[in-house]
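Q: After the structure tokens below, expect a handful of questions from me.
The values are calculated or read from the model by the stated rules, or taken from the named source; none is laboratory data. Nothing here was measured: the structure is a model prediction, and the numbers come from that model. Ideal geometry is used to build each Cβ from the backbone, glycine not excepted, and the neighbour counts take in all protein chains shown.
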Amino acid sequence: MVPLIYYLMLSAILFSIGAYGVLTRRNAIVVLMSLEIMMNAINLNLIAFSAYGGGLSGQAFTLFLISIAAGEVAVGLAIFLSLYRRRGTIDLRTSPVMRW
Amino acid sequence: MTFYEFIRGIIVAILTWLGDGVTWIVLQINWQPLTGFAGWVGGIIMSEPSINLLTILSGIITVFLIIFINLIMMMWFELKLFARFYHGRGPTEVGYAGLLQNIAHGIKLFMKELIIPKKVDKWAYLIAPIIYIGTSFAVFVAIPWTEGFYLGRKDLAGGFLIVFAIFSMAPFLIFISGWASNNKFSLIGGIRSATQMISYEIPLLLSVVGVILLAHSLSLTEIVGAQSQTLGILPVWFLLLQPLGALLFFTAAVAELERIPFDLPEAEAELVEGWKTEYGGLRFGLIMFTEWARAFAGCSLFVLLFLGGWQGPLMETSLFGMDLGPIIGLVWFFIKVYIVFGVMVWVRASFPRVRIDQLLRVCWNTLLPLGLINIFLTVMVITLLSGFGVTYAIGFALGSFFLMVLLLFVRPEVEPLPPEGTLTSGGKKERTPALRTLVLKPLWVTMKHLFRRPATLMYPYETLKKPHTTAYYPVTKKIARVYEDGVFGVPDIWRNYRGAIGLDVDACISCGLCGRICPNRCITYVEFPGRDKNKKVPRVDFGVCMFCGLCAEYCPKGCIFLTSEYDLSAFDRNDLIYGPEKLSMFRGLKPETRFPERARELPSWEISKCIGCQLCSRRCPTGAITMIDSAIYIEKYGITWDETKKRPKSLPEFTGDKCVSCGTCAEVCPRRVITMDTPDSKGGIDK
Amino acid sequence: MIDFELISFIIIASIMIISAIMVLRSREVVHSAMFLALTFVMVGCTYILLNAEYIALVQIIIYAGAVTVLMLFAIMLTKRKIMDHHPDEKEVNTFFELMASCILVFLILISILAPVFCPETYKETFDRELTSPGSTSDLGSLIVQEYMIPFIIVGIFLAVAILGGVFLAREKEED
């Protein structure tokens, strides 16, 4: 029997690792990967609560979140491709990406 | 009784028997610590979790062995059937009718060296194929072969989806393997392969939605159970209820398994082996093996989803009170899988390879809309039949109609059709090349060819020869067997063969032209008994000979020729050096036509350099050069001799009629007096 | 005797955390993608432990099957040289690193020291029992009955995402 708190701790640690990756890494695609890790941590949290007496709504919400995360990855990578074509690099530190 | 209980019963029986034996031994020894230890170990082994573990492990091993044997049979089946579509025979040597051919391939690959190329990404290169192989075999956890065939205690609730999930990890692994190989073409192969697999997963999944709707469950056992109704004698399988879905699933499965016509990622003539290029030895063998395992899994899925799985006649028999239903079901299942696999081989033999952009276009433009239409039609029919009411039915009908219009008419630009006048046959009206020419006609042609007699010659048991006659050679007093022309006959017009070299010893004048002209220097000269010691005859080294025919072409008497005998292999290289007796063996095969007469080159002397050594006249095989006294020579031909130089005693005279242009005189002359001139010259003396 | 669930959870969780850290710490981007796939598969296995088989399969199909391949394609299309080991962390911006590490440590400490900060909630989570929320068909009924609107909105979102992705990443025609 695994207590619920273990899953929540695991989710929190995974979220923190994802946050660290988003804040630190230079390569834009690795930032997107860390974002995906964060989304997975969220899903884990939802499913854990759904299993420990929360009903099926958690699983339904997770299903939607998985779809949305996949769509977000697709659009994000398309944006990075355009960025690469314009600047020749996807390094996030060489140029300020957000101007104007 | 399920498979799990069956294996568990066997394991419990074996363990009990072993336990009894060990207990008896331990009691005989009667040493207290050993007894306690044996009791403790026995308690652990016979406990519930341990028996579960052992049952699962044995189940997995049994299933793996059955799959292994099945794959070897499937490989044999494909090779034989594929060859039969082209009037061949397939493998026949190894084992009875070639059954052990694939084991021979496996042993060969096992003995090859496992090379890791230098700059590959080592961990990715090694691990990705392992996981690919593992997942391809792991799908068999969820594929039941007969009723009650679960590897666990009960049926897997998400049956079909588990198979699909494990299959869907393959593109990623293929991509990584192609990337890790440090080879641009492997990378291209890997990318193409991953693109193709990912694209075709969508029609694969969509085509099954109709089946799942009809069966109300994801579990494969229940899907097969839902196909058990019969309409009179005809079993209502989902092939009849979902023909469009079955066709879509088959096409998408053939594309997923990367078989021809969708095997551009492998593209043997272009990319070597695609993403598998840099793998060698047993690694490659295992990867090839998993391609077949995936094919087996794909065919099993088709059978389970659309062909009624393990159902067939004779399912209710029982033998001595034991229900034989599951075992008969197993037999029917494998028969059906092999039939589906035969259809896949038929498809493979019929179609050319599809280009990558055509492939993707087919998937996204045609198969995906067809899948959606299939779902809509199914839902509409189900709604109508389950009496949900006319409003729902009308709503679905309108929706599907709208979708069809949208999908079929709002399409991106496709390639324009070929211009008028092409792709027609005679005066028929031009048709766009479509289903009939591209799909049905090739299938019909190969099916017709399947039933013809195979035309392969089983070399070396059957060769192109008829029974022999004998020939007697008077000089060497030998009797030799002479083979005649082949069974199939050779047209009379062209009988200049390029086979073994034959020699007519009696006609040879030892001019040495054949040895001189041979580009590989495979002709040497030896003495022949019964001839003058200086008149040597040729001896051919067939290990070097390339059967170019130059010796036959240049021989002035036509005594050396090429025959239609091609059967020249020997175990020892020295056996390939044919002396003149062996060459005479082929005398009966002398072709009737000869090479056309070549232009003759005649020698000419720069007579002022001649020293009168008489070598040219001695060596001339036909006697075209005679030595006459030099005084008579000078008078006859009116040449002025430089009086300061010593005049030789005799000088050569040349008669052009006898010359055979062998070039011996030019070769032996020590002072290089003689040159072989162009055919226009008349030879003779050149001042 | 031995709690297989606890052992499985510990093994899966450790592999998950280690591979998540390796995603960030790999020198080569493709290695990060491989470890990301491993993370996804481990999360899927955790879902199986939590009696959510359908979501586990969906996770493996979508994440480990499709999203990782999408990332790999994007990596291939944006790389200067294939299989060239970029010295990616040549200049390490110390401020960001420090800040991020602080946040990370802070979050982890909070999660581990939860019983100290809020003992009642902790006790309540500790006492909860693992249930089986429902089968796949129950989930399906829930989605099409109660959560129909989010379902349709997610469908529209995916359509928009496809169109947007294709549009953004198309090859610009020379005008």
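Q: Filter the range C:13-34 down to residues that are assigned to a helix (DSSP H, G or I) and more than 9 Å from every other protein chain (Cβ to nearest Cβ) and give me whichever is farthest from A:N43 (Cα to Cα). Outline the logic, then answer.
A: We begin by selecting, within the range C:13-34, every residue assigned to a helix (DSSP H, G or I); these are C:13-25, C:29-34.
Okay, now just the ones that are also more than 9 Å from every other protein chain (Cβ to nearest Cβ), so C:14-15, C:18-19, C:22, C:25.
Working: C:S14: 18, C:I15: 18, C:I18: 19, C:S19: 18, C:M22: 21, C:R25: 24 Å.
Looking at residues that are assigned to a helix (DSSP H, G or I) and more than 9 Å from every other protein chain (Cβ to nearest Cβ), I get C:R25.
Q: Follow-up question, since we're still on this one. Among the residues of the range C:39-76, count how many are outside any helix (DSSP H, G or I) and without any contact (Cβ under 8 Å) to a residue 12 or more places away in the chain. Please lay out each step first, then the result.
A: Step one: list which residues in the range C:39-76 are outside any helix (DSSP H, G or I), which gives C:50-52.
Cutting the leftovers down to without any contact (Cβ under 8 Å) to a residue 12 or more places away in the chain gives us none.
Summing the residues that are outside any helix (DSSP H, G or I) and without any contact (Cβ under 8 Å) to a residue 12 or more places away in the chain in the range C:39-76 gives 0.
Q: With the structure loaded, tell me whether B:P171 is part of a helix (DSSP H, G or I) and under 29 Å from B:I356 (Cβ atoms) or whether it fails that test. Quick ask: steps written out before the conclusion?
A: On the way: part of a helix (DSSP H, G or I): yes; under 29 Å from B:I356 (Cβ atoms): yes.
Spelling it out, B:P171 is indeed part of a helix (DSSP H, G or I) and under 29 Å from B:I356 (Cβ atoms).
Q: Determine which single condition C:Y47 fails, assuming it passes every other condition in (1) at the interface with another protein chain (Cβ under 7 Å from one of its Cβ atoms); (2) of a type outside the set (A, V, I, L, M); (3) surrounded by fewer than 24 Cβ atoms within 10 Å (Cβ to Cβ).
A: (3)
Q: Of all residues in the range C:121-143, which are surrounded by 12 or more Cβ atoms within 10 Å (Cβ to Cβ), in contact (Cβ under 8 Å) with a residue 12 or more places away in the chain and more than 7 Å from chain A (Cβ to nearest Cβ)?
A: Scanning the range C:121-143 gives a single hit, C:T136.
Q: Which of the residues spanning the range B:200-218 are more than 9 Å from chain C (Cβ to nearest Cβ) and surrounded by 22 or more Cβ atoms within 10 Å (Cβ to Cβ)?
A: Correct list: B:Y200, B:P203, B:L204, B:L206, B:S207, B:V208, B:G210, B:V211.
Q: Restricting to the range B:554-583, what's the tally of residues that are in contact with a helix residue (DSSP H, G or I) (Cβ under 9 Å, 6 or more places away or on another chain) and more than 27 Å from B:S661 (Cα to Cα)?
A: 5
Okay, residues lined up against (1) modelled with pLDDT under 75; (2) polar (S, T, N, Q); (3) surrounded by 13 or more Cβ atoms within 10 Å (Cβ to Cβ):
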| position | (1), (2), (3) |
| --- | --- |
| C:I75 | no, no, yes |
| C:K81 | yes, no, no |
| C:D88 | yes, no, yes |
| C:T94 | yes, yes, no |
| C:A100 | no, no, yes |
| C:F106 | no, no, no |
| C:P119 | no, no, no |
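Q: Surrounded by 19 or more Cβ atoms within 10 Å (Cβ to Cβ) and at pLDDT 90 or above: which single residue out of B:I191, B:I176 fits that description?
A: Numbers: B:I191 fails: at pLDDT 90 or above.
Going through B:I191, B:I176 in turn, just one is surrounded by 19 or more Cβ atoms within 10 Å (Cβ to Cβ) and at pLDDT 90 or above: B:I176.
Q: For the range A:38-57, indicate whether the set of residues that are touching a residue at least 12 places away in the same chain (Cβ under 8 Å) and closer than 21 Å to C:F96 by Cα is non-empty. I'd like the intermediate steps shown before the answer.
A: Narrowing the range A:38-57 to residues touching a residue at least 12 places away in the same chain (Cβ under 8 Å): A:38-50, A:52.
Add one more test, that the residue is closer than 21 Å to C:F96 by Cα, and what stays is A:38.
Scanning the range A:38-57 turns up at least one residue that is touching a residue at least 12 places away in the same chain (Cβ under 8 Å) and closer than 21 Å to C:F96 by Cα.
Q: In this structure, does B:E653 turn out to be of a type in the set (D, E), farther than 20 Å from B:C514 by Cβ and at pLDDT 75 or above? Full working, then the answer.
A: Working: of a type in the set (D, E): yes; farther than 20 Å from B:C514 by Cβ: yes; at pLDDT 75 or above: yes.
Here the answer is yes, as B:E653 does meet what is asked.
Q: While we're looking at this one, here's another question. What is the residue count in the range A:2-28 for residues that are under 20 Å from C:T121 (Cβ atoms) and of a type in the set (G, A, S)? So that I can check it myself, show each step before the final result.
A: Step one: filter the range A:2-28 for residues under 20 Å from C:T121 (Cβ atoms), giving A:2-13, A:15-16.
Adding the requirement that they be of a type in the set (G, A, S) leaves A:11-12, A:16.
Qualifying residue count for the region: 3.
Q: Follow-up. Taking B:V94 as meeting all but one of (1) closer than 30 Å to B:S350 by Cα; (2) touching a residue at least 60 places away in the same chain (Cβ under 8 Å), write down the number of the exception.
A: B:V94 satisfies every listed condition except (2).
Q: Okay, moving on. With the requirement that a residue be over 39 Å from the mean Cα position of the chain (by Cα) and either at pLDDT 80 or above or on the phi > 0 side of the Ramachandran plot (or both), what does the range B:580-606 give you?
A: Within the range B:580-606, B:P580, B:E581, B:S584, B:L602, B:P603, B:S604, B:W605, B:E606 qualify.
Q: Can you run down the residue pairs with Cβ atoms below 7 Å, 6 or more apart or on separate chains, where the first is in the range B:171-184 and at positive phi and the partner is of a type in the set (K, R) and surrounded by fewer than 24 Cβ atoms within 10 Å (Cβ to Cβ)?
A: Pairs that qualify, where the first residue is at positive phi and the partner is of a type in the set (K, R) and surrounded by fewer than 24 Cβ atoms within 10 Å (Cβ to Cβ), are B:N182/B:K119.
Q: For chain A, list the helices (runs of 4 or more DSSP H) that sit wholly inside it and hold at least 3 residues that are more than 8 Å from chain C (Cβ to nearest Cβ) and not acidic (D, E); which are they? Break it down stepwise before answering.
A: Details: elements: A:4-24, A:28-49, A:57-87.
Passing ranges, in order: A:28-49, A:57-87.
Q: Can you work out which of the residues in the range B:138-151 that are in a helix (DSSP H, G or I) and surrounded by fewer than 21 Cβ atoms within 10 Å (Cβ to Cβ) is farthest from the chain's Cα centre (by Cα)? Break it down into steps so the answer makes sense when it comes.
A: Within the range B:138-151, the subset in a helix (DSSP H, G or I) is B:138-141.
Those still in the list that are surrounded by fewer than 21 Cβ atoms within 10 Å (Cβ to Cβ) too: B:138, B:141.
Working: B:A138: 28, B:V141: 32 Å.
Restricting to residues being in a helix (DSSP H, G or I) and surrounded by fewer than 21 Cβ atoms within 10 Å (Cβ to Cβ), the top hit is B:V141.
Q: List the residue pairs whose Cβ atoms are under 9 Å apart, where the first residue sits in the range C:105-118 and is within 7 Å of chain A (Cβ to nearest Cβ) and among the basic types (K, R), the second is in a helix (DSSP H, G or I) and loosely packed, with under 11 Cβ neighbours inside 10 Å, and the two are 6 or more positions apart or on different chains.
A: From the range C:105-118, no pairs qualify.
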